[in-house]
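J.: One structure is given below, represented as structure tokens, and several questions about it will come after.
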Amino acid sequence: MRSRSHFQRWQRLGCFLRVSFLSLSLLARAGSGRTLSENARLGTEDWLVKKPATPGWPRSDSDRTPEIQGYAGATSVNTGEEIQFFVDVRNPAADPEFRIEVFRLGWYGGKGGRRMSWPSVEREKEEVVLPSNKQRVPVPDPLTGMIDCDWSESWRLRVPESSVSGVYIAKLTTLPSGLESSVIFVVREDLRSSDFLFQCSVTTWQAYNPWGGRSLYNYPRNASVVSFNRPYAAPSFPFSHTNSSIQRPELAFAAGTGEFFVQIGARTEPAW
């Protein structure tokens with residue numbers, strides 16, 4: 001009986017939060033023409049991980065799963081700046097190449113995302129194909145349990161100045177096998193003001209991330225410190241994870257109205 005009432009309280013809270021976010025989004029529409037224009041553009045469902053790589057993490061250098069994983073060099077990046085990506089393909093002999101595509105998440109007529117492009121020497125690009133690289137398997141720090149991959153850089157993206165703030169993913173696909181994973185990051189517009197700020201709970205996502213066998217919560221094997229320099233344990237994390245999946249509907253509303261930020265940015269770059 002107690003668990004049922006507990007669930008009902010959380011259910012009511014979830015409904016309240018959704019109504020609150022919807023109300024905020026409607027109030028913010030008057031001053032958010034740039035984001036609304038972006039959100040009205042043609043969307044796609046290609047951002048979805050439909051053929052996921054094996055979840056988890058490699059236990060040794062000989063492991064061939066997860067087939068592809070990666071992480072970004074920062075949780076967020078300002079427009080006009082660069083962000084690094086670090087990708088591990090466990091069996092380069094079978095999949096000598098991998099593809100990266102970048103999507104902005106949002107409403108987009110219910111599609112949930114839009115494929116992004118970026119300048120190159122020849123023409124605008126919507127994807128890049130790179131040689132596969134098998135990265136090292138890190139070991140936990142003996143004192144803190146922290147796992148820091150410290151992988152070699154696979155690719156870096158200079159975010160176009162014209163980009164609209166929001167939650168983005170870099171979708172990773174092995175070639176030719178077609179197995180998929182994704183890397184999440186936030187694009188900021190530091191010089192732009194907005195009536196509505198959406199904060200992504202990146203520290204919560206990382207606290208619950210068990211990649212490498214250590215998170216802050218899996219007692220007695222929990223770590224006292226965790227690092228962002230590692231993939232998430234699920235190919236489509238954090239939106240596949242129960243502790244953060246509630247942010248996805250709010251993200252769809254926020255993507256049409258306001259500015260985006262991450263918890264780390266709120267502490268290191270506050271607006272006084």
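Values in this text are rule-based calculations from the coordinates and carry no lab data. What you see is a predicted model; the values in this text were computed from it and never measured. So basically every Cβ, Gly included, is an ideal-geometry build from the backbone, and we count neighbours across all protein chains shown.
J.: Using per-residue counts of other Cβ atoms within 10 Å, averaged over each peptide, order 66-75, 79-88 from highest down. Let's see the in-between values first.
T.: On the way: 66-75: 22.6, 79-88: 19.1.
Highest to lowest by the protection proxy: 66-75, 79-88.
J.: Residues with amide H under 5 Å of Lys125's amide H, sequence separation 5 or more or different chain, H placed in the peptide plane at 1.01 Å from N; which?
T.: Trp118, Ser120
J.: Let me ask another. Going by average Cβ neighbours within 10 Å, how do the peptides 35-47, 215-227 rank, with the highest at the top?
T.: The peptides rank, most packed first, as 35-47, 215-227.
J.: Compute the projected area of the convex hull of the Cα atoms of the stretch 78-188, averaged over all viewing directions, and report it in nm² to one decimal place. All intermediate terms of the calculation are to be shown ahead of the outcome.
T.: On the way: hull surface 35.8 nm².
That works out to 8.9 nm².
J.: So what J values fall out for the stretch 132-146 if you push phi through Karplus, 6.51 cos²θ - 1.76 cosθ + 1.60 with θ = phi - 60°, rounded to Hz, Gly and Pro as x?
T.: 6, 9, 8, 8, 6, 9, x, 10, x, 4, x, 9, 9, x, 5
J.: What is the local net charge at Phe86, summed over the other residues whose Cβ is closer than 12 Å to its Cβ (Lys, Arg +1; Asp, Glu -1)? Before the final figure, lay out the partial values.
T.: On the way: positive: Arg136, Arg156, Arg230; negative: Asp88, Asp148, Asp150, Glu153.
It works out to a net charge of -1.
J.: Hey, another quick one. Taking amide hydrogens as modeled 1.01 Å from N in the peptide plane, which residues meet the under 5 Å criterion relative to Leu175, leaving out close sequence neighbours?
T.: Glu97, Phe98, Arg99
J.: Whole-Hz ³J(HN,Hα) for each residue in the stretch 72-78, computed from phi via Karplus 6.51 cos²θ - 1.76 cosθ + 1.60 with θ = phi - 60°, x for glycine and proline: what do you get?
T.: 3J(HN,Hα) across the stretch 72-78, in whole Hz: 9, x, 7, 6, 8, 9, 7.
J.: When ranked by the protection proxy of mean other Cβ atoms within 10 Å per residue, highest first, what sequence do the peptides 167-173, 50-56 form?
T.: On the way: 167-173: 24.4, 50-56: 16.7.
So the order, starting with the most tightly packed, is 167-173, 50-56.
J.: Still on this structure: Please give the contour-minus-distance gain from Arg115 to Arg192: 0.36 nm per residue of separation, less the Cα-Cα distance, rounded to one decimal in nm. Intermediate values should be presented prior to the final figure.
T.: Details: separation 77, 0.36 × 77 = 27.72 nm, distance 2.29 nm.
Residue separation times 0.36 nm, minus the Cα-Cα distance, leaves 25.4 nm.
J.: Count the net charge of all other residues whose Cβ sits under 13 Å from the Cβ of Gly145, scoring Lys and Arg as +1 and Asp and Glu as -1.
T.: Values: positive: Arg214, Arg221, Arg230; negative: Asp141, Asp148.
Cβ neighbours under 13 Å give a net charge of +1.
J.: Please enumerate, by chain and number, the lysines with C-alpha under 22 Å from the C-alpha of Lys51, excluding those fewer than 8 residues away in the same chain.
T.: Lys111, Lys134, Lys171
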